[in-house]
Amino acid sequence: MAKISAEGIPEAMLQALRGRARESKREGHFLYDEKAVQVVEALDYDFTEMDGYAVMGRGPVAKAVLLDGLVKEYIEKYPAAAIVDVACGIDTRFYRVDNGQIQWYNMDLPETIEARNRLLGSHERVRDIRSSVLDEGWPEEIEASGPVLFLVEGFTMYSNKQDVQRIFKLIRTHFSRADVLMEIMSPKVVKKAVDASTGMKKYTWGVKNAKTLQSYTTGFRAVKEVSLLEELKKMYSSYRFLQFVPGFRGMSNKIVALHLETAEEKAKPAVKA
């Protein structure tokens with residue numbers, strides 16, 4: 001692979017990419033990201049300054065593994081689904097879960113899409129949406145007659161309730177068969193987290209659980225809630241004791257799966273206990 005310039009690409013994006021590559025090359029790795037390894041090896045960038053600290057800690061690794069698994073489950077159910085990676089950055093999940101049939105959409109601001117394309121190149125089943133998820137026009141760019149899965153990772157904690165409701169409304173208005181995998185953060189963490197360098201609050205919004213998030217939507221039903229702590233416990237034995245620490249379980253980020261109920265599903269009578 002020819003050398004790729006990293007000029008103008010935010011360091012945080014490079015850190016995330018490099019972190020996935022390092023985990024992939026670690027003996028006993030939990031995540032293998034061949035695309036990240038290839039790109040990092042080809043980048044014309046000095047990563048030595050990142051060697052002194054963890055560029056991808058256990059939390060991000062566990063979250064990547066968890067989300068990969070949930071996306072693969074969806075693809076097994078709907079092999080030709082369309083998947084929309086909201087605020088994608090330089091995520092490489094497509095290359096880790098691709099089954100040869102899915103249609104993938106990367107959605108982010110134009111400058112971010114330009115950066116990721118320079119690093120990752122193009123693929124015939126990957127399309128770009130150069131837009132904020134809060135804009136009105138992006139649904140028109142998705143060509144899908146079947147199920148659509150929306151991945152909303154690392155976004156809501158920098159947003160607010162109204163913007164999150166706007167996202168669900170756009171999906172509900174334009175898609176008849178849709179599911180959402182959304183990362184949420186505890187309001188307690190949002191309240192306490194402060195940027196060490198500026199003293200400012202790091203995050204702007206949180207929601208307690210799947211039931212509360214569902215109450216903010218119309219037409220969606222929460223079908224699953226998975227705590228990041230549960231995934232960490234499976235991967236690293238040192239995290240198992242944390243389940244006994246009062247209040248800690250509720251502080252962990254969660255991945256919530258929400259399903260847009262179809263007219264047929266709404267018409268079904270409730271199952272009696």
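Tell me, which residue of the range 101-124 that is open to solvent by 50 Å² or more (accessible area, probe 1.4 Å) and farther than 17 Å from L43 by Cα is nearest to the chain's Cα centre (by Cα)?
Ranking the qualifying residues of the range 101-124, first place goes to L109.
Considering only residues of the range 129-152 that are within 20 Å of I75 (Cα to Cα) and either modelled with pLDDT of 95 or more or among the polar types (S, T, N, Q) (or both), which is most open to solvent (accessible area, probe 1.4 Å)?
If we take residues in the range 129-152 being within 20 Å of I75 (Cα to Cα) and either modelled with pLDDT of 95 or more or among the polar types (S, T, N, Q) (or both), then S145 is most open to solvent (accessible area, probe 1.4 Å).
Inspect the range 181-191 for any residue being in contact with a strand residue (DSSP E or B) (Cβ under 6 Å, 6 or more places away or on another chain), in a helix (DSSP H, G or I), over 20 Å from V65 (Cβ atoms) and open to solvent by less than 80 Å² (accessible area, probe 1.4 Å) and give the result as yes or no.
no
For A21, state whether it is open to solvent by less than 20 Å² (accessible area, probe 1.4 Å), within 24 Å of L229 (Cα to Cα) and not in a loop (DSSP other than H, G, I, E, B).
yes
Which residues, taken from the range 87-100, are under 24 Å from V40 (Cβ atoms) and either in contact with a Phe, Trp or Tyr (Cβ under 7 Å, 6 or more places away or on another chain) or of a type outside the set (F, W, Y) (or both)?
Selection gives A87, C88, G89, I90, D91, T92, R93, F94, R96, V97, D98.
Counting only residues that are free of Cβ contacts under 8 Å to residues at least 60 places away in the same chain and touching a Leu at 6+ places or on another chain (Cβ under 9 Å), give me the helices (runs of 4 or more DSSP H) lying completely in the range 84-179 with at least 1 of them.
In the range 84-179, the matching helices (runs of 4 or more DSSP H) lie at 93-97, 161-174.
The values are calculated or read from the model by the stated rules, or taken from the named source; none is laboratory data. Because the structure is a prediction, the values reported are computed rather than measured. FYI the Cβ positions are ideal-geometry reconstructions off the backbone, even for glycines, and counts take in every protein chain you see. In case anyone asks, the SASA skips ligands and DNA or RNA and just uses the protein heavy atoms, side chains included. Shrake-Rupley method; radii C 1.70, N 1.55, O 1.52, S 1.80 Å.
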